[in-house]
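Q: One structure, as structure tokens, below. Some questions next.
The values are calculated or read from the model by the stated rules, or taken from the named source; none is laboratory data. Here the structure is a predicted model, which is why all the values come from computation and not from measurement. For neighbour counting, all protein chains shown are included, and Cβ atoms are generated from backbone atoms with ideal geometry for every residue, glycine included.
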Amino acid sequence: MAHKAPGRHHREGVTLLQIADMFSDEAAAKEWIAQRRWPENPRCPYCGTDNVQVGIKHRTMTHRCRECPDRRMFTLQTRTVMEGSKLPFRIWAMGMYLFTTNLKGISSMRLHRELGIGQKAAWFMLHRSRIHVLYLTSAGAGRTHGIAVGPSSDSAR
Ligand SMILES: [Zn+2]
């Protein structure tokens, strides 16, 4: 494993303990994912604006766009690889982390073992991740946001 390989440098010095701390609970994992999806402010996944209402009163939705004509509602998962998944944020965050820090890719067996999830769930996660290459797409905005690990966030496509 080359130390200077692109995309790997961020892993230097990160211990398993630190990774466990990063995703200590659902709120922390959700925050980590949110930081990757929305480094600044939450953006509407349909039109791309950041003129968005946060924490709306709704059973399942958390955000509402103020600029879409129908003021569409959405969540952190909307239009991402996580959409429609019942897996917890901790699992997604760990899976994304493992995936993005393994240049050779990661097998569903390894996700299954390391995340303690069923083989079907692991396969589902990996399948989706491969299709989207872990990129959270912001349709309307016409660009994609990578889920990068570490401070130098990868905003290119
Ligand atoms: Zn919108």
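Q: Given the conditions (1) modelled with pLDDT of 85 or more; (2) closer than 21 Å to Leu16 by Cβ, which single one is not true for Val149?
A: Tallying (1) modelled with pLDDT of 85 or more; (2) closer than 21 Å to Leu16 by Cβ, Val149 fails exactly one: (1).
For every residue, the table says whether it meets (1) more than 16 Å from the ligand (Cβ to nearest atom); (2) modelled with pLDDT under 80; (3) not in a strand (DSSP E or B).
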| site | (1), (2), (3) |
| --- | --- |
| Leu76 | no, no, yes |
| His112 | yes, no, yes |
| Leu126 | yes, no, yes |
| Ser129 | yes, yes, yes |
| Asp154 | yes, yes, yes |
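Matching residues to (1) of a type outside the set (Val, Ile, Thr); (2) touching a residue at least 40 places away in the same chain (Cβ under 8 Å); (3) not in a helix (DSSP H, G or I):
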| residue | (1), (2), (3) |
| --- | --- |
| Gln18 | yes, no, no |
| Ala29 | yes, yes, no |
| Pro39 | yes, yes, yes |
| Cys47 | yes, yes, yes |
| Asp50 | yes, no, yes |
| Arg59 | yes, no, yes |
| Arg71 | yes, no, yes |
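Q: Still on this structure, please answer the following. For residues in region 20-61 being β-branched (Val, Ile, Thr), surrounded by fewer than 18 Cβ atoms within 10 Å (Cβ to Cβ) and within 16 Å of the ligand (Cβ to nearest atom), which is farthest from Pro88 (Cα to Cα)?
A: Thr49
Q: Could you identify the single residue in Ser85, Ser107 that is surrounded by fewer than 15 Cβ atoms within 10 Å (Cβ to Cβ) and free of Cβ contacts under 8 Å to residues at least 60 places away in the same chain?
A: Ser107
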